[in-house]
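So the structure is just underneath, and the comments pick up after that.
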Amino acid sequence: TQVTIDISPTSLLEEIAGLFFTAGYAGYETVITLNNPTGRAIGIAACECTEDYSCANMVIYTGPDVFIEAGDFYCDPQKMGACENCWVKENAADVGMPCSAYA
């Protein structure tokens, strides 16, 4: 599955409230691409993976102007593989960081 979030170039958006994966396999093998042409940084306030494999094998491409800070990502440790092989990358060429690094 591929999901693209295009932010309007004239948007005044400062923050995306969150990306929530609250069912088993909800984001499994999903590629999320965030396009922000505003020229301003936009944060993602929360990203939550709360069920078995809910974010497994998922990749989030932020581009240069969307950011996730440490503490904004939640991978439920009680759920099997919630963030297994989940990555946050600026683009396809970026090595990236595991989603759990932002927990």
Subset of the range 5-36 [open to solvent by 30 Å² or more (accessible area, probe 1.4 Å), in a strand (DSSP E or B) and under 19 Å from Trp87 (Cα atoms)]: Ile5, Phe20, Val31, Thr33, Asn35
Is it the case that some residue within the range 46-55 is open to solvent by 40 Å² or more (accessible area, probe 1.4 Å) and within 27 Å of Ala93 (Cβ to Cβ)? yes
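Determine which member of the set Ile32, Ile60, Ile44, Ile16 is over 10 Å from the mean Cα position of the chain (by Cα) and not basic (Lys, Arg).
Details: Ile32 fails: over 10 Å from the mean Cα position of the chain (by Cα); Ile60 fails: over 10 Å from the mean Cα position of the chain (by Cα); Ile44 fails: over 10 Å from the mean Cα position of the chain (by Cα).
Of the residues listed, the single one that is over 10 Å from the mean Cα position of the chain (by Cα) and not basic (Lys, Arg) is Ile16.
The values are calculated or read from the model by the stated rules, or taken from the named source; none is laboratory data. Worth saying up front: this structure is predicted, and the values here are computed from it rather than measured. Ideal geometry is used to build each Cβ from the backbone, glycine not excepted, and the neighbour counts take in all protein chains shown. Keep in mind that these areas ignore ligands, DNA and RNA; they rest on the heavy atoms of the full protein, side chains included. Shrake-Rupley method; radii C 1.70, N 1.55, O 1.52, S 1.80 Å.
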